[in-house]
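Comments concern the structure below.
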Amino acid sequence: MPMNPSVAVVILNWNGKSFLEQFLPGVLLSEYDNLQVIVGDNASTDDSISFLEAHFPTVQILKNDINYGFAGGYNKILERVSADYYILLNSDVEVTSNWIKPVIALMESDEKIAAAQPKIKWQLNKEQFEYAGAAGGYLDIYAYPFCRGRLFNIYEFDQGQYDQLSEVFWASGAAFFIKSKYWKETGGLDADLFAHMEEIDLCWRLKNLGYKIMYCPDAEVYHVGGGTLQTENPFKTYLNFRNNLIIMQKNLPAADAVFRISIRMCIDFIAWWHFLLSGKPKFTLAVSKGHWHFLKSIAKTNLKRMANQTPYVQHAGVYNNSVVWAFFIKKIKYFKDLVSS
């Protein structure tokens, strides 16, 4: 790979004119020479395209004919992009000037590093870590995702506690760096997931192939969060519950998958009761639909399983206990206490 590898920042847009207006100028000021900035439009119905054409004529626009979701949308766009590195950047992310170089330097240092993320903090309070990424993603023993710097609704302030390079389990899709050759090797994102968990699935497949996922603290971005699907959204809840079970089936060794998925569905049932007793019937229904659609897709998902799966407990970034138990029963609220418990 060249000393100054080519990088394509690709922003997938769907009716996100306001975010493009606010954050695209900063992306264009990124300090990296061999860079192209691309907006991939997922069949927006607002005036995003005309706005871009009028105000950002140097930005390349690639259009999808329909909204393929986050996963399918990126797959369709990246088929038309040529670069050594892809950066999948959410439209609601504010970047700093030097957010690219440190991550690329890290990834260039080791051929086995396939994907990485910068430090991700909250755009509305830049001292605080953000929900969808923070200081790198982990999974617990039942594949429940969480982040260093964020456990459930507890968000840590950045006090330098995660300023070391670290191998993690998954990198956030909000600012996802990947070597294009590994994107192509794995086939990119699973379009059947539509949105949510698709970057975790991709990282898991990369790890099963023997590659590394890294967190780079020397680069920093700020994410608004919930820009396309708000957190309190039954459809998002449905996607999260369904997709989590699907990626477990796809990526765990067969015998391990049966056991862990069974336990995970029991944990989900607790969430089902919580939503019901909290007066949120739409969310209760979303959990039920997520489980039902997972069960209906088992045969299809089974065809996607790789020939070999690495034992889950051997992967870096796995917490070998239940984060749900630790947080709600043991009252552990911070990552440092979680790993020391």
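The values are calculated or read from the model by the stated rules, or taken from the named source; none is laboratory data. As the structure is a prediction and not an experimental result, all values here were calculated from the model. Please note: Cβ atoms are built from the backbone with ideal geometry, for glycine as well, and neighbour counts cover all protein chains shown.
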Exactly one of Leu295, Leu338 is within 28 Å of Arg148 (Cα to Cα) and assigned to a helix (DSSP H, G or I), and that residue is Leu338
inquiry  = Tell me yes or no: at least one residue of region 251-271 is part of a helix (DSSP H, G or I), within 20 Å of the chain's Cα centre (by Cα) and not hydroxyl-bearing (Ser, Thr, Tyr).
reply    = yes
Scanning region 18-37 for residues that are surrounded by fewer than 21 Cβ atoms within 10 Å (Cβ to Cβ) and under 18 Å from Phe70 (Cβ atoms) gives Phe19
Check: Just wondering, is there one or more residues in region 69-79 that are of a type outside the set (Phe, Trp, Tyr) and in a strand (DSSP E or B)?
Finding: no
Condition check for Lys336: out of contact with any Leu (no Cβ under 8 Å at 6 or more places or on another chain) and either surrounded by 15 or more Cβ atoms within 10 Å (Cβ to Cβ) or aliphatic (A, V, I, L, M) (or both):
no
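Here is a yes/no grid of residues against (1) part of a helix (DSSP H, G or I); (2) at pLDDT 95 or above:
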| position | (1), (2) |
| --- | --- |
| Val9 | no, yes |
| Phe23 | yes, yes |
| Val37 | no, yes |
| Thr58 | no, no |
| Ile66 | no, yes |
| Val81 | no, yes |
| Leu88 | no, yes |
Residues of region 137-155 being surrounded by 21 or more Cβ atoms within 10 Å (Cβ to Cβ) and not in a strand (DSSP E or B), in sequence order, are Tyr142, Ala143, Arg148, Gly149
One residue is enough: does region 190-206 have a residue meeting the conditions farther than 23 Å from Ile298 by Cβ, in the same structural domain as Glu31 (by TED's automatic domain parsing) and either not hydrophobic (A, V, I, L, M, F, W, C) or not in a loop (DSSP other than H, G, I, E, B) (or both)?
yes
Quick check, is Ile100 of a type in the set (Val, Ile, Thr) and either buried (at least 18 other Cβ atoms within 10 Å of the Cβ) or in contact (Cβ under 8 Å) with a residue 40 or more places away in the chain (or both)? yes
If you go through Ser297, Ser288, Ser278, Ser262, the only one that is touching a residue at least 40 places away in the same chain (Cβ under 8 Å) and surrounded by fewer than 17 Cβ atoms within 10 Å (Cβ to Cβ) is Ser297
